[in-house]
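K.L.:
Structure below; questions to follow.
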Amino acid sequence: MHIIAILGAIIGAVGVWYWHFKTVRDVGSEVVDAVGRANGAYRRHKFRNKSEGSALTNVDNPALAAGIFLFALANENAEGKHLAKGEIARQIQPLLPAGEEEEQVIYAEWAAGTVVDARDCIRRFKALWRDSLTVAEREDLVEMAVSITRLTATPTNTQKLAIENLRTSLLT
């Protein structure tokens, strides 16, 4: 009988050690995964900064900047993204140089695709808008943004924050 107890104790000890090794292995793989995710996030952040900066760097027209911002704002809501294209084009085409309206709208849509967050556009273009637009034109820009978010039933929280940020940046 004591041989069975010894065999049971040995099997139990092997089971406990196996469980310990498995737990350590799981923790180790989680650490490796976390390091990999952190490295990937860092690389994505660097890439976003490079790509975002390059698309927005040469923009010096406040109407084009407004178009990029409006497209970026629309991109924050998946269902509003497709509804907004015509509305944005209708709003900014009269403000763009004659003969270049369609090109500028296409560029604005493309550049907005490189923007991670619509609030990045506000940070980038705030000085341009403040220097180039009158107070009434700034108010019109805020109203354009609000009209884009109204194309869907419910604006996202990110869109609401972007509009508040725009109001604060331009109207105070």
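The values are calculated or read from the model by the stated rules, or taken from the named source; none is laboratory data. All figures in this text were calculated on a predicted structure; none of them were measured in a lab. All Cβ positions, glycine included, derive from the backbone under ideal geometry; neighbour counts span all protein chains shown.
K.L.:
Could you check how many residues of the stretch 43-71 are modelled with pLDDT under 85 and of a type outside the set (K, R)?
P.N.:
Summing the residues that are modelled with pLDDT under 85 and of a type outside the set (K, R) in the stretch 43-71 gives 11.
K.L.:
Just to be sure, is V31 surrounded by 10 or more Cβ atoms within 10 Å (Cβ to Cβ) and either of a type in the set (D, E) or within 20 Å of the chain's Cα centre (by Cα) (or both)?
P.N.:
no
K.L.:
Which one is modelled with the lowest pLDDT, of the residues in the stretch 78-117 that are closer than 10 Å to I148 by Cβ and buried (at least 20 other Cβ atoms within 10 Å of the Cβ)?
P.N.:
Among residues in the stretch 78-117 that are closer than 10 Å to I148 by Cβ and buried (at least 20 other Cβ atoms within 10 Å of the Cβ), the one modelled with the lowest pLDDT is G80.
K.L.:
Among the numbered criteria (1) of a type in the set (A, V, I, L, M, F, W, C); (2) part of a helix (DSSP H, G or I); (3) surrounded by 16 or more Cβ atoms within 10 Å (Cβ to Cβ), which one does V14 miss?
P.N.:
(3) is the only condition that V14 fails.
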